[in-house]
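Heads up, the thing below is written out as structure tokens.
The values are calculated or read from the model by the stated rules, or taken from the named source; none is laboratory data. Worth saying up front: this structure is predicted, and the values here are computed from it rather than measured. Every residue, glycine among them, receives a Cβ derived from its backbone with ideal geometry; neighbour counts consider all protein chains shown.
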Amino acid sequence: MNSEIKKLTLPSDGDRSGRDLGAEELELVRQVLENGCLFSPKGTFVKRLEKDFAARYGVASATAVSSGSAAVHAAIAAIDPDPGDEIITTPITDMGALTAILYQGAVPVFCDVDADSYNVTAETIRPRITKRTKAVIVTHLFGVPCDMDPIVALCREHGIPIIEDAAQAFDATYKGKPVGTIGAIGCFSFQQGKHMTTGEGGMVISNNPAYARRMFLFVNKAWGYGDQNPDHYFMAPNYRINEITGAVGLAQFNKLTGVVKRRRASAERFTQRIADIPGVKPQSRPAGSDPVFWKYCVNIDESKTAVGLTEIAKRMKEWGIFAMPRYIGKPAFQCQIFRDRVTMGRSSWPFTDPSRTGLPPLDYNAENFPGSLKALSHVLVIPWNEFYTDEHVDYIADRLREAVR
Ligand SMILES: Cc1ncc(COP(=O)(O)O)c(C=O)c1O
């Protein structure tokens, strides 16, 4: 490590240095407390957030939920699979987006990803479609949209709804359309590190009235609020957020445009600064897409760098840049939950659902996921933040240049 280099402390999304939580949030929280109602069905703040969110994305309905995991769970519940049905998804994602499938009694069928964008594609989804496929989840990883046109065409051909996991992709667009509005349902997370945050929280959006209705019910213990003769119509959890969370969410939501703009601008500068570093290529993106840089990922070609990915990350860490090699370490299907099918008691349900008897076994063999293995073996995930200045960006670019030498 070059001791001449002045180490910079970068803004972090773990605290005030990289999170804009201040007067606007305080003011709205104060209003909630003065009103004295924290319960969202009777309050106005969560409803306002839902209304504004729906308006921003031009959709008929938005329902607030207690996390991004709850968002995916509500989306799957809206599609209402039968036990043992299949949901196609990516093995490179957050576990919360996968357990949701099991909780609704369906089984995850993993499809491979493109090695350079880390996203699922129509080509990787197609061979995974069976007569039991009830939905496809596409995850716009790190804020880079999936190549949606071929995926939409494929799913339309088979009559399969698409759930878009846009937890990392607020305001990212594909051919001018915001992701989350292209498929049947869009899911967002407000967890601490996301483009907007309430610590925990999320949103589901849809233009389909039946899905929207079912998601509204699902997050409310399936209680028919507002109905003439309400009842608990089906099995459902309480995934609501409270009014304080709604107030923070509203204030954060009003800052989203600025956050996305600043992230794009600093990422643009970074892209130019690293363009000529041998062995370093930004995460690829489909034509016509405009990513939002939840993280800034680069692919490292170790045949062109002096040291390997792990050493590069280690060097950057010494300079205060917490770049992460391999993202989640291993594809999800290699996690114990899927390897040993650890679900409810000793049942391994829904994998063992009787309706699956006689079906070909689920393919969780790593060798059939070359794109996923390659993606994880060459990705370096660089933390990104709306508070990065030109100095921060140049510092990260210069350190990356040095780290690979
Ligand atoms: C792509 C993706 N989906 C789902 C989730 C789950 O969101 P949460 O952590 O809010 O439950 C995350 C969380 O980080 C995520 O990144």
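Checked across the stretch 72-80, the condition of being within 21 Å of Ala366 (Cβ to Cβ), within 15 Å of the ligand (Cβ to nearest atom) and not acidic (Asp, Glu) holds for no residue.
For the stretch 25-132, which strands (runs of 3 or more DSSP E) that fit wholly inside it have 2 or more residues that are farther than 23 Å from Phe170 by Cβ? Quick ask: steps written out before the conclusion?
Details: elements: 61-65, 86-89, 107-110.
In the stretch 25-132, the matching strands (runs of 3 or more DSSP E) lie at 86-89, 107-110.
In the stretch 176-187, the residue that is surrounded by the fewest Cβ atoms within 10 Å (Cβ to Cβ) out of those that are more than 9 Å from the ligand (Cβ to nearest atom) and not small (Gly, Ala, Ser) is Lys177. Here is a list of conditions, (1) acidic (Asp, Glu); (2) more than 16 Å from the ligand (Cβ to nearest atom); (3) part of a loop (DSSP other than H, G, I, E, B), and Glu157 meets all of them except one; can you say which number that is? Failing condition for Glu157: (3). For Gln336, work out the one condition from (1) polar (S, T, N, Q); (2) touching a residue at least 24 places away in the same chain (Cβ under 8 Å); (3) over 16 Å from Tyr103 (Cβ atoms) it doesn't fulfil. Every condition holds for Gln336 apart from (2).
Per the conditions (1) within 11 Å of the ligand (Cβ to nearest atom); (2) in contact with a strand residue (DSSP E or B) (Cβ under 9 Å, 6 or more places away or on another chain); (3) farther than 18 Å from Asn238 by Cα, the sole criterion not satisfied by Ala106 is (1). One residue stands out among those in the stretch 133-143 that are out of contact with any Cys (no Cβ under 8 Å at 6 or more places or on another chain) and part of a strand (DSSP E or B): the one that is surrounded by the most Cβ atoms within 10 Å (Cβ to Cβ), which is Ile137.
Restricting attention to the stretch 168-192, the residues that are closer than 15 Å to Ile205 by Cα, part of a strand (DSSP E or B) and not basic (Lys, Arg) total 6. Give me the residue from the stretch 15-38 that is within 30 Å of Glu402 (Cα to Cα) and loosely packed, with under 12 Cβ neighbours inside 10 Å and, out of that set, nearest to the chain's Cα centre (by Cα). Top of the filtered list is Asp15.
Being polar (S, T, N, Q) and within 12 Å of the ligand (Cβ to nearest atom) holds for only one residue in Thr133, Thr99, Thr124, and it is Thr99.
Scan the stretch 39-60 and give yes if some residue there is within 16 Å of the ligand (Cβ to nearest atom), under 19 Å from the mean Cα position of the chain (by Cα), farther than 30 Å from Ile300 by Cβ and not acidic (Asp, Glu), otherwise no.
Here is the first cut: in the stretch 39-60, the ones within 16 Å of the ligand (Cβ to nearest atom) are 49, 53.
Going one step further and asking which of them are under 19 Å from the mean Cα position of the chain (by Cα), we end up with 53.
Then keep just the ones that are farther than 30 Å from Ile300 by Cβ; that gives 53.
Next, only the ones that are not acidic (Asp, Glu) stay: 53.
Among the residues of the stretch 39-60, at least one is within 16 Å of the ligand (Cβ to nearest atom), under 19 Å from the mean Cα position of the chain (by Cα), farther than 30 Å from Ile300 by Cβ and not acidic (Asp, Glu), which makes the answer yes.
Counting only residues that are crowded, with 24+ Cβ neighbours inside 10 Å and within 14 Å of the ligand (Cβ to nearest atom), the stretch 81-96 holds 6 of them.
Scanning the stretch 290-340 for residues that are crowded, with 20+ Cβ neighbours inside 10 Å and of a type in the set (S, T, N, Q) yields one hit, Asn299. Taken as a whole, the stretch 11-21 holds at least one residue that is within 15 Å of the ligand (Cβ to nearest atom) and touching a residue at least 24 places away in the same chain (Cβ under 8 Å). Of all residues being small (Gly, Ala, Ser) and within 12 Å of Gly249 (Cα to Cα) in the stretch 195-208, which is farthest from the ligand (Cβ to nearest atom)? Just the residue, please. Applying the filter and picking the extreme gives Gly199.
Collect the residues in the stretch 377-397 that are crowded, with 18+ Cβ neighbours inside 10 Å and of a type in the set (D, E, K, R), keeping them in residue-number order.
Glu386
Please verify whether Phe293 is touching a helix residue (DSSP H, G or I) at 6+ places or on another chain (Cβ under 8 Å), within 16 Å of the ligand (Cβ to nearest atom), part of a loop (DSSP other than H, G, I, E, B) and at pLDDT 95 or above, treating the condition exactly as stated. It is true that Phe293 is touching a helix residue (DSSP H, G or I) at 6+ places or on another chain (Cβ under 8 Å), within 16 Å of the ligand (Cβ to nearest atom), part of a loop (DSSP other than H, G, I, E, B) and at pLDDT 95 or above. Scanning the stretch 313-357 for residues that are out of contact with any strand residue (DSSP E or B) (no Cβ under 6 Å at 6 or more places or on another chain) and in a helix (DSSP H, G or I) yields a count of 14.
Per-residue answers, yes or no, for (1) under 29 Å from Arg30 (Cβ atoms); (2) surrounded by 14 or more Cβ atoms within 10 Å (Cβ to Cβ):
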position	(1), (2)
Val204	yes, yes
Asn207	no, yes
Tyr211	no, yes
Met215	no, yes
Asn238	yes, no
Asn242	yes, yes
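Gln192 fulfils the conditions (1) surrounded by fewer than 17 Cβ atoms within 10 Å (Cβ to Cβ); (2) away from the ligand (no atom under 16 Å from the Cβ) except for a single criterion, (2). Just one of the listed residues (Glu402, Glu386) is more than 20 Å from Asp112 (Cα to Cα), part of a loop (DSSP other than H, G, I, E, B) and of a type outside the set (Ser, Thr, Tyr), and it is Glu386.
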